[in-house]
Amino acid sequence: MHSNHLLLEEPIRMASILEPSKPTFFPAMTKIVGTLGPKSRSVEVISSCLTAGMSVARFDFSWGNPEYHQETLENLKAAVKSTKKLCAVMLDTVGPELQVVNKSEKAISLQADATVVLTPDQGLDATSQVLPINFDGLSKAVKPGDTIFLGQYLFTGSETTSVWLEVSEVKGNDVVCVVKNSATLAGSLFTMHISQIHIDMPTLSDKDKEVISTWGVQNKIDFLSLSYTRHAEDVRQFEMTPALAKSQAREFLSKLGDLNQTQIFAKIENVEGLTHFDEILQEADGIILSRGNLGIDLPPEKVFLFQKAALYKCNMAGKPAVVTRVVDSMTDNLRPTRAEATDVANAVLDGSDAILLGAETLRGLYPVETISTVGKICAEADKVFNQDLYFKKTVKYVGEPMTHLESIASSAVRAAIKVKASVIICFTSSGRAARLIAKYRPTMPVLSVVIPRLKTNQLKWSFSGAFEARQSLIVRGLFPMLADPRHPAESKSATNESVLKVALDHGKASGVIKSHDRVVVCQKVGDASVVKIIELED
């Protein structure tokens, strides 16, 4: 399976480009996060999305009420049952998002060179002359000459649906702007972004806290996507003193029962987040590069540099990195542009773990086809990812002496590549060992077999493990499987159905493992961690 791995650095035979791609059980090593919404919330469509390769469902609370999202989530659960494909849940907060409120929902046409007033008076109706906004500090934050962007949900590259304003004067609480391009804004909500200006709003709003502590707790969310993360403090947990009680997400989650296991993904959307990137990465469980807003806050020619630098840092830290805004044109079209297809592949080659689809699946006309197309491009890029170079870079970055776990993980990957194993099987209870193996980006899938742990609160027994299994659904190359707690890791007698046998059978059934294949197994035996190579008989 892996002997025909090409590398981009090698001369590629043109004929090999024309060979049809072979379908595999794991659509791609790189994962896909889909945003569920109006066009993708029925059981049928969600089932097709899961089959096409979506492994994380994102619920965006910038719009829609908790009841609406709950209905969608119930449909997701039904789809997971019928397709037998695991799916994690990500809650995306609103955060300090500036919004224009259009109560009438009528489309608003803005003409180039006309003036429009942004006002905090939300009692007014939105028209082409006046746009009510959700932030009363705008007039204090901006000055003449500043740039403001408006668009539905997120700005697309298309200038017919987004508008670019320049501040001409500030009058009391109102901000008067000149329209720089003609555009029509449609829908009930437009996002507003001011280039390189600090917005004095908390990262977790009261509305966010309420949604997390009700909807989030009730549904035991796997991931919290923290919009507009600007400082490590936004993520960090420390003793809350009244002076510091702004909005620390981890501190907040740690008090909400089951949610202390929820992973926090910091969403980097502006220059402020970029400036504090290193500290944010240390605190967060993963990073989302929100290229929609970043592409506006940064000059366009700098976006690729940030993407490459940020993905490298996430890879070396062994934390999942997610890239957004890759196939905008598929919101309305069945095929991506050539540039978008190349962009998806480059995100994979740069080292991203997952691709996040927003408007494309939320309100796009082709949610299933988008997931399938992105999955195919990712699979092609996975094949030519230069694992050898990446492995050497990672080992060098980690340095010596390595920690015990890091050394085992890198050895397992090296062994698997040397013996051309078809899969690595890793037994884990916290998921950490499997994530470390994935950090070294093996060329073969890693089956993460999560062994449930028994917990008790003196009143009832409960097993943990579901969180850990679902949280690996955002890590490149990691495919989880929940073990049956009644089975031992390996069989002591012929009649004993062991977890290892179940994992191997799962691999065989899914076509990843064939007879005479070699498999690398990584597990704990007593206090020791063991890496071993098994060769399968017929």
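A few comments on the model shown:
- Relative to the longest principal axis of the Cα atoms of the chain, the long axis of helix 367-384 lies at roughly 50 degrees.
- The lysines within cross-link reach of K418, meaning a Cα-to-Cα straight distance under 21 Å and a gap of 8 or more places when in the same chain, are K383, K392, K393, K396, K439, K514, K532.
- A simple rule links phi to the HN-Hα coupling: the Karplus curve 6.51 cos²θ - 1.76 cosθ + 1.60 with θ = phi - 60°, which for region 328-345 gives 3, 5, 6, 4, 10, 10, 7, 10, x, 6, 4, 5, 5, 4, 5, 5, 4, 4 Hz, with x for Gly and Pro.
- Rounded to the nearest 20, the size of the Cβ-charge dipole of region 283-386 about its Cα centre is 120 debye, with Lys and Arg at +1 and Asp and Glu at -1.
- Protection-proxy order for peptides 288-294, 364-370, each taking the mean of Cβ atoms within 10 Å per residue, highest first: 288-294, 364-370
- For the chain, the residue among L256, H404, N333 whose Cα projects farthest onto the positive side of the dipole built from Cβ charges is H404.
- Debye log10 I(q)/I(0) for region 275-354, one point scatterer per Cα, at q = 0.17, 0.19, 0.26 Å⁻¹: -0.68, -0.83, -1.34
- Cα-based helix-to-principal-axis angle, 303-317 vs the chain, degrees rounded to 10: 40 degrees
- Computed log₁₀ I(q)/I(0) - Debye formula, equal Cα scatterers, no solvent, the chain, q 0.05, 0.08 Å⁻¹: -0.21, -0.54
- Flagged links, alpha-carbon separation over 24 Å, of K143/K207; K84/K524; K84/K220: K143/K207; K84/K524
- Ranked packing of 57-70, 83-96, most packed first, by mean Cβ within 10 Å: 83-96, 57-70
- Angle between the chain longest axis and helix 404-418 axis [Cα atoms, degrees, rounded to 10]: 70 degrees
- Between Y68 and D332, the FRET efficiency estimated from the beta carbon spacing at R0 = 30 angstrom works out to 0.80.
- Charged-residue dipole, Cβ positions (Lys, Arg, Asp, Glu), the chain about Cα centre, Debye nearest 20: 1880 debye
- Residues in region 394-423 reached by a label modelled at D388 [backbone nitrogen below 18 Å; 7 Å Cα→Cβ]: 394-396, 413-421
- Low-density loop positions, trypsin sites (Lys or Arg not before Pro), region 359-454 - DSSP coil, at most 15 other Cβ in 10 Å: K420
- Here the extension length gained between D505 and L18 equals 172.0 nm, from 0.36 nm per residue of separation less the Cα-Cα distance.
- Highest-first arrangement of 256-269, 399-412, 344-357, where packing means the average Cβ count within 10 Å: 344-357, 256-269, 399-412
All of the numbers you see were taken from the coordinates with simple rules; none came from a lab. Here the structure is a predicted model, which means the values were calculated and not measured. Glycine also receives a Cβ, built like all others from the backbone with ideal geometry; neighbour counts cover every protein chain displayed.
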